[in-house]
Amino acid sequence: MSSKKLPVVALVGQTNAGKSSLFNRLVGRQDAIVAREAGTTRDSVYRRVDNDWGSYILADTAGLLDNPRDDFEASIQDQVDDAIESADLIILVKDSTEGATNEDRALAKRILRSGKPVILALNKIDLAEANPESDYLNFGIKNIVQTSAEHNRGLGKLRGEIAANIPHVHQRRDDESISVALIGRPNAGKSFLFNTLAGKQQAVVANVAGTTRDINRVDVHYHGQTISLLDTAGVRRSGKIERGIEKFSVLRTANAIEEADICLLVMDVHELNTALDTKLAGQIIDAGKGLIIVVAKWDSVEGKDAYTRDALAPGIARAFDFAPWAPLIFTSSYTGQNVTKIYDLILKIQAERTRQIPTSQLNDCLRRAVMRHRPAALKNQHPRLRYVVQTDVCPPWFVIYGSNLKFLHWSYKRYLESTFRREFGFDGTPIKFSYRDEKQIKANRERVALGQDIVDKKSGGKRQRLI
């Protein structure tokens, strides 16, 4: 695998400019939350985008605020500043239905001062209130692209401008290898575990928090399988991130998660279940990666007995109740306890992530689930689940077809996931579900018949003709 780092493209702009909608179009799936309320995005979201000409990391940032009201909002703005400083290309997204303001001009000046290539994306041009491009020339940004994320207009030109302004890096990983990233807070024991797993002193180990500044890599072989280990710098909570080189650890960790197949979330046994630990776990799951929860430094627990682990495990399970499928393992890098078992878990989880379930078995499971518990009606509309197919692996992805599926309650979707897990396993990996409404499919076909294009979000924004 190439060691050259992937370029970073950052979407920045005022709140509710449509950054998250553009992000989802460019990534090709619904990863960023989109809502009409300003300020929906609170944390920067990073995803890898692959094209024929190369790959890059796309960052969706929170809306910029001129005067943060508290430390929390200030920390969000720090994330935006970090994204701007670490980016190779900055896309300033502006709502074209709103006129240019002094704040916009100040932001444009601030971004141009970075010396990075800048693109001005005038979004929402499909709306009647959209202003002409000439209204924004005083921003001083020469490269302007008009877009409509809602209707996929201008996205081809935007992709072309991105390709023209960043290095073309092809980071193709050997399909036979498994990439495993060690993620966690500083001084949680990641580097010591990394060295123990690697069998040599690859990373610098010290008792000073934050020793690792970049991603360390090493390939190991286990039972005939190549496993690429990635050791990352520890991530502090936002208010504790220092200026200077450490602030890039957040971006590097996000990059490592995107690159990995499976992540080891490493926690210090003396400081378990912090809010940042659960946040990192959520980030790993959102990225569709396998997850192993690793409790490190088990040898340092004084007075432990056969029941100590059983006493700690329920508290950890409660903190990570959103991922009951993630295995939990207690390790000691000093004594080597359970370290080899991590490799066994990695091989098992990768096998689960690549499983293809026959369609007949999937539909038998769906029918039994509906017979045991039918979905409740909402607004007098009865959701009906017809059939299910598996469309992808890594992570396993299932598409359920039916009618009135927009009225399917979130609790029923969770019930379906737990049913599929009981039936098929999928230990250690998230599984994804999409719901396709037959009425919407019919409407799309009618649009195709009229010569209009349909955009499939899972196809990377490519135009698809539905059959």
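Since every read-out is calculated from the coordinates, none of them should be taken as a lab result. Note that the coordinates shown come from a computational prediction; the quantities given were computed from them, not determined experimentally. FYI the Cβ positions are ideal-geometry reconstructions off the backbone, even for glycines, and counts take in every protein chain you see.
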Förster-model FRET efficiency, 30 Å R0, residue 304 and residue 341, C-beta, rounded to 0.05: 0.95
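Where nothing but the Cβ of Lys and Arg (+1) and of Asp and Glu (-1) is charged, how large is the charge dipole of the range 359-418 around its Cα centre, in debye to the nearest 20? Kindly include the intermediate steps, with their values, before the conclusion.
On the way: 10 positive and 3 negative charges, 70 e Å.
Here the range 359-418 has a charge dipole of around 340 debye.
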Extension length gain for residue 432 and residue 270 (0.36 nm per residue less Cα distance), in nm, is 55.0 nm
With labels modelled as points extended 7 Å from the Cα through the Cβ direction, what inter-label distance (nm, one decimal) is found for residue 101 paired with residue 143? 2.6 nm
Under unit Cβ charges (Lys, Arg +1; Asp, Glu -1), what dipole magnitude, rounded to 20 debye, does the range 397-443 have relative to its Cα centre? 180 debye
Express in nm, to one decimal, how much length is gained between residue 381 and residue 418 on full extension, taking 0.36 nm for each residue of separation and deducting their alpha carbon distance. 10.9 nm
